[in-house]
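*Asks:* This structure is in structure tokens; I'll ask about it shortly.
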Amino acid sequence: MASRNPVVVTGNLAADPESFAAGDFSGVRLTVVENIEKRQGDKWVDDEPAFWPVTVWGKALAANVLASLRKGARVTVVGHYRNNVWEGEDGNRRSRLEVVADEVAVSLQFATATVTRASRSDAPPLEPPF
């Protein structure tokens, strides 16, 4: 899927994926922690990690993410940036940059995986609000 603000993020899940409802729609939220290194003299050292909030829409993709991924899993997310804007409980306008996932893949760099093709009829069961 082509998007106007493409982004690819690779890192580990900071927590288990969480489902949520937003009006008539539902999705899954993830936080991907990207460990960043920087050059310091003649060595590479760890810099502050980047925490990427990711939103997964789409019933099949969201269901597969919920069924397959847990905290610590190394993933690659392909998607696009979106500025999420809302009104806080105090009435002030809030915003945060997030990644909207078009694809979520498990990294095989540090793990193995068994791929099972799901059809619409045997997709993982969804709990409310899906």
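*Asks:* Give me the residue from the range 116-130 that is touching a strand residue (DSSP E or B) at 6+ places or on another chain (Cβ under 9 Å) and hydrophobic (A, V, I, L, M, F, W, C) and, out of that set, modelled with the lowest pLDDT.
*Replies:* Let us first name the residues in the range 116-130 that are touching a strand residue (DSSP E or B) at 6+ places or on another chain (Cβ under 9 Å), namely 126-130.
Of the ones still in play, those that are also hydrophobic (A, V, I, L, M, F, W, C) are 126, 130.
On the way: 126: 47, 130: 35.
The selected residue is 130.
*Asks:* Further question on the same structure: Return the residue satisfying two criteria in turn: it lies in the range 70-98 and is polar (S, T, N, Q) and surrounded by 10 or more Cβ atoms within 10 Å (Cβ to Cβ), and of such residues it is modelled with the lowest pLDDT.
*Replies:* Just the residues of the range 70-98 that are polar (S, T, N, Q), to begin with: 76, 83-84, 92, 95.
Remaining after also requiring surrounded by 10 or more Cβ atoms within 10 Å (Cβ to Cβ): 76, 84.
Working: 76: 96, 84: 85.
Only one residue tops the list, namely 84.
*Asks:* For the range 18-57, give me each residue that is among the β-branched types (Val, Ile, Thr) and touching a Phe, Trp or Tyr at 6+ places or on another chain (Cβ under 8 Å). Steps first, answer last, please.
*Replies:* Taking the range 18-57 as the starting set, the residues that turn out to be among the β-branched types (Val, Ile, Thr) are 28, 31-33, 36, 45, 54-56.
28, 31, 32, 33, listed by residue number.
*Asks:* Determine, yes or no, whether residue 76 is in contact (Cβ under 8 Å) with a residue 40 or more places away in the chain, among the hydroxyl-bearing types (Ser, Thr, Tyr) and under 28 Å from residue 24 (Cβ atoms).
*Replies:* Values: in contact (Cβ under 8 Å) with a residue 40 or more places away in the chain: yes; among the hydroxyl-bearing types (Ser, Thr, Tyr): yes; under 28 Å from residue 24 (Cβ atoms): no.
Spelling it out, it is not the case that residue 76 is in contact (Cβ under 8 Å) with a residue 40 or more places away in the chain, among the hydroxyl-bearing types (Ser, Thr, Tyr) and under 28 Å from residue 24 (Cβ atoms).
*Asks:* Further, regarding this structure: Might you check whether a residue that is more than 25 Å from residue 117 (Cα to Cα) and outside any strand (DSSP E or B) occurs anywhere in the range 67-75?
*Replies:* Taking the range 67-75 first, the residues more than 25 Å from residue 117 (Cα to Cα) are none.
No, the range 67-75 has no match at all.
*Asks:* Check the range 15-35 and report whether any residue there is modelled with pLDDT under 95, closer than 25 Å to residue 112 by Cα, of a type outside the set (Ser, Thr, Tyr) and surrounded by fewer than 12 Cβ atoms within 10 Å (Cβ to Cβ).
*Replies:* There is no residue in the range 15-35 that is modelled with pLDDT under 95, closer than 25 Å to residue 112 by Cα, of a type outside the set (Ser, Thr, Tyr) and surrounded by fewer than 12 Cβ atoms within 10 Å (Cβ to Cβ).
*Asks:* Sticking with this one: Can you find a residue that is within 15 Å of residue 60 (Cβ to Cβ), modelled with pLDDT under 90 and assigned to a loop (DSSP other than H, G, I, E, B) anywhere in the range 99-110?
*Replies:* Filtering the range 99-110 down to residues within 15 Å of residue 60 (Cβ to Cβ) leaves 101-105.
Next, only the ones that are modelled with pLDDT under 90 stay: none.
The answer is no, given that none of the residues of the range 99-110 is within 15 Å of residue 60 (Cβ to Cβ), modelled with pLDDT under 90 and assigned to a loop (DSSP other than H, G, I, E, B).
*Asks:* Report the residue count in the range 36-63 for those that are surrounded by 12 or more Cβ atoms within 10 Å (Cβ to Cβ) and in a loop (DSSP other than H, G, I, E, B). Full working, then the answer.
*Replies:* Our first condition is that a residue be surrounded by 12 or more Cβ atoms within 10 Å (Cβ to Cβ); within the range 36-63, this holds for 47, 49-50, 52-63.
If we keep only those that are in a loop (DSSP other than H, G, I, E, B) too, we end up with 47, 49, 58.
Residues flagged as surrounded by 12 or more Cβ atoms within 10 Å (Cβ to Cβ) and in a loop (DSSP other than H, G, I, E, B) within the range 36-63 amount to 3.
The values are calculated or read from the model by the stated rules, or taken from the named source; none is laboratory data. These numbers come from a predicted model, not from an experiment. No Cβ is skipped: glycine too gets one built from the backbone with ideal geometry, and neighbour counts run over all protein chains shown.
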